[in-house]
Amino acid sequence: METIQIKTAAHCCAVDITDRIDAVLKEKSARNGVCLIYVPHTTAAVTINEGADKNVMDDILEKLDSLVPWQGGYKHAEGNSAAHIKAVLAGGSAQVIIDSGKMALGTWQRIFLLEFDGPRTRRIFIQFTGERAGSDL
Ligand code: ZN
């Protein structure tokens, strides 16, 4: 397993981590298999969605804000229940197929860390399972 760290810059934001994941896969000589991307946090998430138009992630974050307002009469004493709820909605992991050394993402797809209670330093666990270049030699 590999771990990368991301410093988020806002209370709620989306950080494109595709290139960081790709760098790990290249370092590991990942050839064919599956990559699990896992966020070990309760107020952040990971998702795969459009990266070509920045407005898409802005729309997603704004809609989540309207669906789950920060003040909502929640019981959790820490005061960040909205962040926990958004993390549940968005999900804590994603998987990508690795084919011939490349992530099999769609044309517009990118991998995003979603921050719901930042700014913070977040960790992302990356586990590749499958065939590595040179492993059949
Ligand atoms: Zn909390």
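The values are calculated or read from the model by the stated rules, or taken from the named source; none is laboratory data. Keep in mind the model is a prediction, meaning the values are calculated, not measured. No Cβ is skipped: glycine too gets one built from the backbone with ideal geometry, and neighbour counts run over all protein chains shown.
Per-structure values
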| quantity | calculated |
| --- | --- |
| Residue under evaluation LYS26, criteria (1) over 17 Å from ILE4 (Cα atoms); (2) surrounded by fewer than 16 Cβ atoms within 10 Å (Cβ to Cβ); (3) of a type in the set (Lys, Arg), criterion not met | (1) |
| Condition met for LYS75 (more than 16 Å from the ligand (Cβ to nearest atom), of a type in the set (Lys, Arg) and surrounded by fewer than 18 Cβ atoms within 10 Å (Cβ to Cβ)) | no |
| Subset of the stretch 4-23 that is in contact (Cβ under 8 Å) with a residue 24 or more places away in the chain and loosely packed, with under 13 Cβ neighbours inside 10 Å - its residue that is nearest to ILE98 (Cα to Cα) | GLN5 |
| Given (1) closer than 23 Å to CYS12 by Cα; (2) crowded, with 21+ Cβ neighbours inside 10 Å, index of the condition ARG123 fails | (2) |
| Residues of the stretch 35-58 satisfying the condition of being part of a loop (DSSP other than H, G, I, E, B) and farther than 21 Å from GLN5 by Cα | ALA52, ASP53 |
| Residue in the stretch 107-115 that is modelled with pLDDT of 95 or more, assigned to a loop (DSSP other than H, G, I, E, B) and either surrounded by 12 or more Cβ atoms within 10 Å (Cβ to Cβ) or touching a Lys or Arg at 6+ places or on another chain (Cβ under 6 Å) (or both) present | no |
| Residues of the stretch 1-23 satisfying the condition of being in a helix (DSSP H, G or I) and of a type outside the set (Gly, Ala, Ser) | THR18, ASP19, ARG20, ILE21, ASP22 |
| Enumeration of residues in the stretch 38-60 that are away from the ligand (no atom under 16 Å from the Cβ) and in contact with a helix residue (DSSP H, G or I) (Cβ under 6 Å, 6 or more places away or on another chain) | THR47, GLU50 |
| Inter-residue pairs, beta-carbon under 9 Å, first closer than 14 Å to ALA30 by Cβ and in the stretch 94-122, second among the aromatic types (Phe, Trp, Tyr) and in a strand (DSSP E or B), 6+ apart | ILE98/PHE128 |
| Residue identified as within 16 Å of the ligand (Cβ to nearest atom) and assigned to a helix (DSSP H, G or I) among LYS86, LYS26, LYS63 | LYS86 |
